[in-house]
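This report concerns only the one structure given below.
The values are calculated or read from the model by the stated rules, or taken from the named source; none is laboratory data. As the structure is a prediction and not an experimental result, all values here were calculated from the model. Here the Cβ positions follow ideal geometry from the backbone for every residue, glycine too, while neighbour counts run over all protein chains shown. Surface accessibility is based on the protein's heavy atoms, side chains included, excluding ligands, DNA and RNA. Shrake-Rupley method; radii C 1.70, N 1.55, O 1.52, S 1.80 Å.
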Amino acid sequence: MHHRYDVLVVGAGGAGLMAALYAAKGNVSVACISKLYPTRSHTGAAQGGVGAALGNIQEDHWEWHMYDTIKGGDYLTDQDAAEIFAKDVIEAVYELEHMGLPFSRTEEGKIAQRKFGGHTRDFGKAAVERSCYAKDRTGHMILQTLYQQNVKEGTMFFNEFHVLDLIIENGRCSGVVAYELSTGEIHTFHAKAVILAAGGYGRIFKITSNALTLTGDLMSIYYRKGLPLEDMEFYQFHPTGLTKLGILVTEGIRGEGGILRNKDGERFMERYAPTLKDLAPRDIVSRSIYTEIREGRGVGPDKDAVNIDLTHLPRDVIENKLSEITDLSRTYLGLDPVKDLVPIQPTAHYAMGGIPTTIDGECIADDSGSLIEGLYAAGEQACVSLHGANRLGTNSLGDLIVFGRRSGINAAKYARHVELAEMPENPEVESRALIENLKNADGSENAARIRKELQETMMNNVGIFRNGPDMEKQVEILRELRARYQHVNVQDPSQRFNSELIEALELGFMLDCAEAMTHSALNRTESRGAHDREDFHTRDDVNWLKHSMAYKDFARPGNVRIGYKPVVFKDSGDGEYESLTTYTPAEAAEFKFPPKPRTF
Ligand SMILES: Cc1cc2nc3c(=O)[nH]c(=O)nc-3n(C[C@H](O)[C@H](O)[C@H](O)COP(=O)(O)OP(=O)(O)OC[C@H]3O[C@@H](n4cnc5c(N)ncnc54)[C@H](O)[C@@H]3O)c2cc1C
């Protein structure tokens with residue numbers, strides 16, 4: 001089946017919905033394609049909140065937020081992106097409020113704010129309340145609010161459609177190919193502009209906070225076209241996942257006063273980060289926990305966890321402000337945070353790297369910054385690069401709404417000026433071949449087994465602590481897993497809801513993401529942000545203050561070619577920038593076009 005729209009959005013998480021909403025406000029026809037029902041997207045799991053310098057509890061300024069973001073990113077953050085972000089996120093939060101998002105409130109009725117790791121006042125002097133939250137269901141509320149707004153603006157939704165390919169010819173994107181889960185049919189979507197917002201890929205690791213569906217599909221599809229993935233070596237481990245399960249324990253729990261303790265009951269973060277203690281940036285807390293475990297001060301049957309202690313907090317804080325996680329620990333661990341210590345361990349959480357984009361969301365095709373016409377990306381799957389080498393908590397939700405909006409606005413502007421590009425004759429040929437190969441392989445291998453091995457080896461060899469020999473071993477393991485993947489056979493012949501087929505396709509995407517990550521991590525011989533190398537212990541600004549760009553090496557399968565892109569600085573250096581375009585409320589309101597054209 002063939003469809004035509006002005007703007008297509010792939011993904012219906014916070015980034016996709018914000019992009020779709022703004023594209024629709026630009027009076028173009030918009031469709032959003034999602035492999036999940038929109039409100040089931042992973043954004044809905046975000047508990048902690050969205051950081052914005054509203055200053056509702058204490059004095060705060062966007063400059064302080066920008067500073068924290070750049071410092072948290074260990075100076076790999078592009079500073080133009082950080083400036084736009086810190087300014088725009090304030091107004092974007094008010095915009096969500098005005099759309100009806102039920103934020104928690106202060107006594108005076110303002111949006112409530114709480115502390116979060118790495119967010120400080122006055123350039124690092126002390127922690128500041130910056131995270132705006134709706135209890136511990138902030139992401140859920142964002143999805144519900146944005147979905148309603150999209151319905152109102154007339155965005156068309158194609159739910160449970162799995163995108164398998166992007167159509168790019170002569171440097172221009174003209175649409176996507178998708179597999180419809182309920183019928184097994186292949187659909188082609190022809191569009192003037194496409195926005196990719198398909199989320200992260202945490203499922204390549206064994207212990208992860210990420211939903212089952214976060215398999216890096218669109219990153220892999222981009223990479224398979226010979227296009228680069230930026231800063232893939234930077235992957236954040238959240239310090240606190242429920243032990244063994246990886247389910248996230250929000251950082252809000254420490255923002256509200258929760259304390260990490262080792263087996264001796266010691267508040268060990270006092271030793272590693274004397275000022276910020278339990279609220280130090282995530283990479284520091286994760287590494288501190290691992291060091292405690294390695295040095296024999298862990299808890300639990302395998303001594304591979306530490307405890308989070310909430311027992312000194314008032315019951316109503318635990319029951320009300322942290323209700324979600326209280327429920328989860330009662331349900332999954334049989335522990336009650338009101339009186340019990342809860343064992344946690346670091347869990348794979350967030351991809352700083354991904355599809356490289358400009359601050360306007362345009363996809364970058366090479367080291368020199370060439371663009372693919374008509375193609376945009378936003379959200380966790382994109383790399384603007386706002387988060388540099390490590391993201392601060394609450395900055396992802398902000399990223400979704402600020403850069404989702406910019407992509408939506410720019411895609412609509414673009415779509416209004418161009419005609420539909422021609423599509424190749426049979427755009428779905430490669431997607432059909434992908435499925436046929438999986439149905440016709442000899443079947444000597446099993447996808448679930450390969451996935452398990454991938455997740456375990458990535459956790460051990462490219463996890464929190466990294467070193468050359470282990471990562472070289474992982475390169476070989478990935479080559480072997482990829483060779484075995486060729487023999488995976490999907491035995492379920494059904495046309496309808498063939499989840500075996502989907503899982504096998506997703507495994508192929510995960511193998512690509514793992515390959516780009518491992519090679520990028522092996523290549524970067526320094527420690528910076530979340531990338532911690534035991535064999536290169538310090539940050540090396542002379543050689544490594546640059547973004548890496550990983551390209552699939554078609555001439556040598558299983559290899560990756562690495563290029564580089566400069567970091568953008570505010571005051572000096574090659575990447576210097578001067579003026580910035582942020583969208584103030586007045587400008588956003590002016591974003592009105594002539595009446596909507598008919599939907600195809
Ligand atoms: C448990 C948890 C808690 C978090 N808490 C916070 C927090 O408090 N604050 C914060 O700032 N950040 C938080 N984060 C991070 C943040 O929530 C995510 O980075 C962010 O929500 C990602 O949003 P997204 O729109 O990019 O993607 P997602 O919300 O993951 O959505 C991805 C979308 O892409 C679609 N998709 C994927 N592949 C395909 C395909 N092949 N075809 C069609 N559709 C596809 C999916 O259907 C889905 O709609 C948290 C993350 C987790 C996992």
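Any idea which residue in the stretch 120-148 is farthest from the ligand (Cβ to nearest atom), counting only those that are open to solvent by less than 30 Å² (accessible area, probe 1.4 Å) and out of contact with any strand residue (DSSP E or B) (no Cβ under 8 Å at 6 or more places or on another chain)?
Thr145
Quickly run through the stretch 258-295 and pick out the residues that are at pLDDT below 95 and of a type in the set (Gly, Ala, Ser).
Matches in the stretch 258-295: Gly258, Ala273, Ala280, Ser286, Ser288.
Check the stretch 299-316 and report whether any residue there is farther than 30 Å from Gln474 by Cβ and part of a helix (DSSP H, G or I).
Yes, the stretch 299-316 contains at least one residue that is farther than 30 Å from Gln474 by Cβ and part of a helix (DSSP H, G or I).
Of all residues in the stretch 217-269 being within 14 Å of the ligand (Cβ to nearest atom) and small (Gly, Ala, Ser), which is nearest to Val306 (Cα to Cα)?
Of everything passing the filter in the stretch 217-269, Gly241 is nearest to Val306 (Cα to Cα).
Are any of the residues in the stretch 94-101 within 12 Å of the ligand (Cβ to nearest atom), open to solvent by less than 10 Å² (accessible area, probe 1.4 Å) and touching a helix residue (DSSP H, G or I) at 6+ places or on another chain (Cβ under 6 Å)? Write out each step before concluding.
Here is the first cut: in the stretch 94-101, the residues within 12 Å of the ligand (Cβ to nearest atom) are none.
No: the stretch 94-101 contains no residue that is within 12 Å of the ligand (Cβ to nearest atom), open to solvent by less than 10 Å² (accessible area, probe 1.4 Å) and touching a helix residue (DSSP H, G or I) at 6+ places or on another chain (Cβ under 6 Å).
Where in the stretch 483-594 are there helices (runs of 4 or more DSSP H), lying wholly inside it, with at least 3 residues that are under 30 Å from Arg405 (Cβ atoms) and at pLDDT below 95?
Working: elements: 499-523, 541-544, 585-590.
Per the criteria, 585-590.
Open to solvent by 20 Å² or more (accessible area, probe 1.4 Å), in contact (Cβ under 8 Å) with a residue 40 or more places away in the chain and farther than 30 Å from Gly374 by Cα - does that describe any residue in the stretch 424-434?
No: zero hits.
Looking at the stretch 31-44, which of the residues that are open to solvent by less than 10 Å² (accessible area, probe 1.4 Å) and not in a helix (DSSP H, G or I) is farthest from the ligand (Cβ to nearest atom)?
Of the stretch 31-44, the ones open to solvent by less than 10 Å² (accessible area, probe 1.4 Å) are 31-34, 38.
Now restrict to residues that are not in a helix (DSSP H, G or I): 31-34.
Details: Ala31: 12, Cys32: 8, Ile33: 5, Ser34: 4 Å.
Selected residue: Ala31.
Please find, among Glu292, Glu270, Glu319, Glu266, the residue that is of a type in the set (Asp, Glu), out of contact with any Asp or Glu (no Cβ under 6 Å at 6 or more places or on another chain) and open to solvent by less than 10 Å² (accessible area, probe 1.4 Å).
Glu292
What is the residue count in the stretch 355-372 for residues that are more than 16 Å from the ligand (Cβ to nearest atom) and touching a helix residue (DSSP H, G or I) at 6+ places or on another chain (Cβ under 8 Å)?
3
Among the listed residues Asn446, Asn460, which satisfies the condition of being without any contact (Cβ under 8 Å) to a residue 24 or more places away in the chain and polar (S, T, N, Q)?
Asn460
Considering only the stretch 78-127, state which residues are part of a strand (DSSP E or B) and at pLDDT 95 or above.
Within the stretch 78-127, Arg105, Ile111, Gln113 meet the criteria.
Right, Gly49: within 16 Å of Ser131 (Cα to Cα), open to solvent by less than 10 Å² (accessible area, probe 1.4 Å) and near the ligand (Cβ under 6 Å from one of its atoms) or not? Steps first, answer last, please.
Details: within 16 Å of Ser131 (Cα to Cα): yes; open to solvent by less than 10 Å² (accessible area, probe 1.4 Å): yes; near the ligand (Cβ under 6 Å from one of its atoms): yes.
Yes, satisfied.
Given the condition of a type in the set (S, T, N, Q), more than 10 Å from the ligand (Cβ to nearest atom) and buried (at least 24 other Cβ atoms within 10 Å of the Cβ), answer yes or no: does some residue in the stretch 157-173 qualify?
No: zero hits.
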